[in-house]
Each structure stands twice: as structure tokens, then as C-alpha cells.
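Okay, structure first, notes after.
No value in this document is a laboratory result; all are computed from the given coordinates. Worth saying up front: this structure is predicted, and the values here are computed from it rather than measured. Methodologically, a virtual Cβ is constructed for each residue, glycine included, from the backbone with ideal geometry; neighbour enumeration extends over all protein chains shown.
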Amino acid sequence: MKKDQMPTGRRMVLRIAAALGATTTFGLFALERNGTAPPGPAGPAPRAHPGAAGARPGALAGPRLAPSAYRLQPMTAHAPPRHRRALPPVRQRPFLRVSGVGQSMVLSFDDGPDPRYTPAVLRTLRAYGVRAMFFVCGEMAAVNPDLLREMADDGHVVGNHSWSHPLMPRLRPSRIRDELGSTSDLIERTLGSPPLWYRAPYGAWNRHSFEIGAELGMEPLAWTVDTLDWKEPGAPVIVRRVLDGAGPGVVVLSHDAGGDRSQSVAALRAYLPQLLAAGYHLTVPRR
Ligand SMILES: [Zn+2]
């Protein structure tokens, strides 16, 4: 079964990391509507890149994600190389939450897309005008490209969750590269631009995955609140976990695939309007 339950030891490591590490909070929302300058992520400065002038880490995403500039460039024999954003630094731990101005939160859905559940998740998010993050598996995205496009068309952020959902610390670096690289390639072929975020299956990160993720231009994002929806505890329990865990900067983990996710779908319909009524701004990062 696909699930992002992590071993207790790993969870403890992440808790300790959260307590110690400033880099576990990413200044995703530093550019709120008041135009406050972003602090930028902690750690080494991104490598300079001529095409990165407009890429501001920490910017709050607008109503729609603008198409990447290079997509508009003519493909001619003399066309300049495609502009890539600056590669992120190699992190030592994933981001666990986002630093927020106001009551910003992120909803994230892993393991899809799955035609049984993802369309309902998309419909609910659309009904409330809310954007979210989808960490997709390559093997699922490959057979559901229309759902991938639907995510992007609705302004959701599509992230990389590996091709086949392995426990990455058990893999040789070459296999990790295959898992992440093939998924990024598929997303780029389908959507026109590669993913900027990735999430390790089971929340099991290691040094190689941080290095390879950075080489592929992605930042690692974990989560703050685990709904444990894969255990199918009942929609009311999932709703309570989300509402109890809600807070500025919180990243919520749910699943739209990997098993029977009807409870996850039903829970979203219940907690989403309650979060909005409580004043939360549900949004996505833009890098
Ligand atoms: Zn997963």
C-alpha cells in the first residue's frame, strides 16, 4: 500500500530537525499582498542564472500561474537555450512548513493522479477557488496525463513524488536519479515545465535524494500535519485532524491515490469550507 507513514525514528528525526533547523521553514508567503520583501530561503545562495531574474523565492502565487517564459519562445535552430530557474541549494532536511504572513496554509495531495479520486478533489478545490499541491507519481501520471494537465490548468502546483514510490534510502543513487528524473521528465513533457518541488515517498529522505533533487531544480517539501488518511480512519477523523492542526504556515498531507481515498475526498469537502470560514488563505508556493 502506498502511504507516507514514516518510521517512528524518522519522524523523531524530523521533529528534532524542526526544532533545530530554521531551514525547515520556507519563506513561501513572505510576499503577501502588502509587498513585503521575501527573506529568501536559508542556506547557501542559489547559483546565479541569467534567466532567474524574475524568479523570487518566497513569492506568493497569483491567481493563475503564468506560463514559463521559455514556452513562448520560438523553437528555431538559432533559438537561445531555454531559460531555467536558478538551481536550489542542496538541503540537509526538507521544509516542514511555510513561514506565513497572515493565515496561509498549504493543502497537499500525494500519490496520484487517480481517476477514481483526483477528479473529485479537483472539483472541490475548484468550487472554492482554492489551489493546492499535488505530489504525483510518474507511473500514475503517465497513464493519467489529462488529470495532470487539469491540475496545472487549475493553477495547482504539480510536484515530483518519484516514479514508483520506493523507499529511496534503500536505493542506489543511480536508481534515485531514475525515479526522480523520469518523473520530472514526464511532468515537463506533459505540462511544458519541470516540477520545482519534490516529496520523498514515506517522508524518507536521504543525502542522495537531496543532492539529486537539487540537481533537478527541485526543493524538498515535507508536511506539518499528517492526516493519516491512508489508514482510512473515517472522514470525520480526517476532518478533525486537519482542523486541530490548522495554523499559519501549516502544510497538510493527504492522498488522492494509493488505495481507497473516498474518505479523503469526503473530508476535504467538509474541512475546506471550515478552514476558509476560519480565515485561512489556502494557497501554493511559487519559486
Ligand atoms: Zn506517497
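Structure notes:
- For segment 214-287: relative contact order, % (alpha-carbon pairs under 8 angstrom, 6 or more apart): 33 percent
- As a size descriptor, the averaged projected area of the C-alpha convex hull of segment 205-278 was calculated at 6.1 nm².
- The label-point distance for Arg149 and Ser174, in a model that sets each label 7 Å from Cα toward Cβ, rounds to 3.6 nm.
- Orientation-averaged projection of segment 87-136 equals 5.2 nm² [convex hull of Cα atoms, one quarter of hull surface area].
- Distant-in-sequence amide contacts of Gly159, defined by a placed amide H-H separation under 5 Å and a gap of 5 or more residues or a different chain, comprise Phe134, Phe135, Val136.
- Each 5 Å bin from zero holds the following percent of Cα-Cα pairs in segment 148-190: 5, 23, 27, 19, 12, 9, 4, 0.
- Treating r as the C-beta distance of Ala204 and Ala127 and R0 as 35 Å, the FRET efficiency rounds to 0.55.
- Note that segment 99-199, at 37 °C in a medium of 0.692 mPa s, gets a Stokes-Einstein diffusion coefficient of 235 µm²/s from its Kirkwood radius over C-alpha pairs.
- Euclidean distance of C-alpha centroids, segment 268-284 and segment 218-267, integer Å: 13 Å
- Cα-only Debye scattering, segment 151-254: base-10 log of I(q)/I(0) at q = 0.11, 0.18, 0.19, 0.25 Å⁻¹: -0.40, -0.93, -0.99, -1.24
- In sequence order, calculated HN-Hα J values of segment 186-196 (Karplus, 6.51, -1.76, 1.60; Hz; x Gly/Pro): 4, 4, 5, 5, 7, 10, x, 8, x, x, 10
- Ala142 versus Asp260: modelled label distance in nm, points set 7 Å from Cα along the beta carbon direction: 2.9 nm
- Cut-off under 5 Å, modelled amide H: who pairs with Leu282 long-range: Met105
- For segment 237-287, the fraction of C-alpha pairs more than 16 angstrom apart is 42%.
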